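Since the structure comes first, as structure tokens, the remarks are kept for the end.
Values quoted throughout were computed directly from the atomic coordinates according to the rules given, and no laboratory measurement underlies them. Remember, it's a predicted structure, so these values are computed and weren't measured experimentally. All Cβ positions, glycine included, derive from the backbone under ideal geometry; neighbour counts span all protein chains shown.
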Amino acid sequence: MISYSFHWNQAFKALPQMLDGALVTLQIAILSMVVGLAVALALTLFRLSGNRALSGFATGWVEIARNTPALFQIYMAHFGLGNFGIHLSPYTALLVGIAFNNAGYLAENFRGALKAIPDTQTRAGRSLGMTPLQAFRYIVLPQMLRVAFLPATNQMVWAILMTSLGVTVGMNTDLAGVTQELNARSFRTFEFFAIAAVIYYLIAKAVTLIARLFAARMFRY
Amino acid sequence: MKKTSVLAFGLVAATALTSPAKADKLDDIISSGTLRCAVVLDFPPMGSRDENNNPIGFDVDYCNDLAKALGVTAEIVETPFPERIPALMSGRVDVGVASTSDTLERAKTVGMTIPYFAFQMAVTANDKSGIKSFEDMKGKTVGATAGTFEAIALEKSVKEWGAGEFRPYQTQADVFLALSQGQIDATVSTSTVAQSNVKSGKFAGISVVGMAPYDIDYVSLFTNREEYGLINYLNLFINQQVRTGRYAELYEKWVGGDLPSLSVNGVYR
């Protein structure tokens, strides 16, 4: 490291490009969370349904998503599906891979959150004349979301960081992709990576902060 | 008294550490007895692995020759293209023998030698894409290995065409996998890599369709920018390899065909 002299002024010239990349990163992370939450909710319902096939499908999804590397999941979304003639662009493959991972982890969050709500509440609701669906919708779900919210923001941060794996499937518009490309062109590795790390850090911090503020307003007793 | 003697000892130690008569990298390599080369082993025929997982290729042989000239043992450090500079800067390798294009932009960061090899760029296309020449690539989805000369040139072309899409993959193998799957329609790579991948039979449904009109890609050995002693030695080594016929011999062994000239007409160096 002694032999490396930093040229920050050269690196900062590329800052606008890197910030554009950061926007793409944020966009993918948010989309993957929206899709992930929807799928996770479906998987949770599948598991509660008592139907063998549905709950088996949900369990299989959760098992694969949680016990294989995200890199593998994203790689499979691009090259694995590509083998069967299904061609996802790097952007879509990255989104699908992260959403798959999110759904698995969030479904497990939801399951934990459900366990925290006593069964007696559902029974109380039912005895007041609610249908099972109503009891879930009005009694269980709001509480479940409250319990699951903060763990879910962790997953959001994780999703942001996972977008950096997109470079393995040819992604060049997100923050990691832009950084890699600038690095390849100029070899100013340490400057660009340091700037990228700071940007990732700031995004992740901002997300955590916003989530806390949101939770403080939304989930007041 | 005690305090002053401690101070004096500190001063002596500090001067000893910062003394100007320090050994340079060439000395370090010779005294350590090992030459650590960054070689890309995903880039046949320059660098790859044989059935027993041993590194082989033109670059591997060049590293071995260099170590022999220095009287030390060679250590091949596998380094993917994007990691060449971090490997050098973090002191994991001494010299890059990694088919590195000698761009002026990069020479601001590392010290480049005179060219030791020269590539021509070829277009390889998926047979279903209907691409028959470089011009046909306009508007298609194309890709190349991230961080290489041809990737930078191809991305520039795609931007100039204003149509189509460019995808950089991390390894040469991923580029050809994506190409044979039809994820990308064509790629530009060095003609040596193109031929060797098409011939390998590992990737179905692709063929070399022509040359790309890019400049000849001269590649250099590289080391730390300020290591003039070592760069000087490397330049002489490259010169001697050509002079003694070793360059031609290794070219015949790994590539075959017309030997690329390493000199540029009408200018020094």
Summed over the other residues with a beta carbon less than 15 angstrom from that of B:ARG92, with K and R at +1 and D and E at -1, the charge totals -2
Summing +1 per Lys or Arg and -1 per Asp or Glu among the other residues with Cβ less than 13 Å from A:GLY125's Cβ gives +2
Computed over the stretch B:121-211, the relative contact order (Cα-Cα under 8 Å, seq sep at least six) in percent reads 47 percent
Write out the trypsin sites (Lys or Arg not before Pro) in the stretch B:13-121 meeting two conditions: DSSP loop, and at most 14 other Cβ atoms within 10 Å of their Cβ. B:LYS22, B:ARG92, B:LYS108
Name the most mobile residue of A:GLN180, A:GLN73, A:GLN155, meaning the one with the largest mean-square fluctuation, in a Gaussian network model of chain A with Cα contacts below 10 Å. A:GLN180
So which aspartates and glutamates can B:LYS202 reach, going by Cα to Cα under 13 Å and dropping same-chain residues fewer than 8 places off? B:ASP174
Relative contact order as a percentage, chain B, C-alpha pairs under 8 Å and 6+ apart, gives 24 percent
Distance in Å, no decimals, from the C-alpha centre of the stretch A:112-170 to the one of the stretch B:198-246 is 57 Å
Provide B:ASP61, B:ASP94 in ascending order of the number of other Cβ atoms located within 10 Å of each residue's Cβ, fewest first. B:ASP61, B:ASP94
Taking Cα atoms, the helix A:141-162 axis meets the longest principal axis of chain A at an angle in degrees (rounded to 10) of 20 degrees
Three principal axis lengths of the stretch A:16-218 [C-alpha, angstrom, descending]: 70, 44, 21
Counting pairs of alpha carbon atoms under 8 Å apart in space and at least six apart in sequence, what relative contact order in percent does the stretch A:48-140 give? 25 percent
Of the chymotrypsin sites (Phe, Trp or Tyr not before Pro) in the stretch A:23-118, those whose Cβ has at most 10 other Cβ within 10 Å and which sit in DSSP loop: A:PHE84
For the pair B:ARG92/A:LEU145, report the inter-label distance in nm, with labels modelled 7 Å from Cα in the Cβ direction. 4.6 nm
Row for chain B, column shape: gyration tensor on C-alpha, a ≥ b ≥ c, rounded if a/c < 1.5 i.e. under 1.5, prolate if a/b over b/c, else oblate; value prolate
222 nm [θ] for chain A, helices only, -39500 (n - 2.57) per DSSP H run of 4+, per residue, to 500? -24500 deg cm²/dmol
Antiparallel bridges, percent of DSSP beta bridges restricted to the protein assembly as shown (to nearest 5): 60 percent
Quick one: putting +1 on the C-beta of Lys and Arg, -1 on the C-beta of Asp and Glu, what dipole do you get for the stretch B:87-160 around its Cα centre, in Debye to the nearest 20? 160 debye
Excluding residues fewer than 8 positions from A:LYS13 in its own chain, the lysines with Cα under 24 Å of it are B:LYS108, B:LYS156, B:LYS159
Using the Cα atoms of the stretch B:37-100, I'd like the radius of gyration and the largest Cα-Cα distance, Dmax, both in angstrom. 11.0, 32
Whole Å is fine, so just give me how far the alpha carbon centre of the stretch B:94-120 lies from that of the stretch A:1-45. 31 Å
In which sequence would A:LEU81, A:LEU71 go, from the one with the fewest C-beta neighbours within 10 Å to the one with the most? A:LEU71, A:LEU81
By count of other Cβ within 10 Å, fewest leading, how are B:VAL242, A:VAL169, B:VAL267 ordered? B:VAL267, B:VAL242, A:VAL169
Could you work out, residue by residue across A:184-196, how many beta carbons of other chains sit within 10 Å of that residue's beta carbon, and then give the average as an integer? 5
Scoring only Lys, Arg, Asp and Glu (+1, +1, -1, -1) among other residues with Cβ under 15 Å from the Cβ of A:GLN27 yields -2
Over the stretch B:121-211 - Rg/Rh using Cα atoms and the Kirkwood inverse-distance radius: 0.91
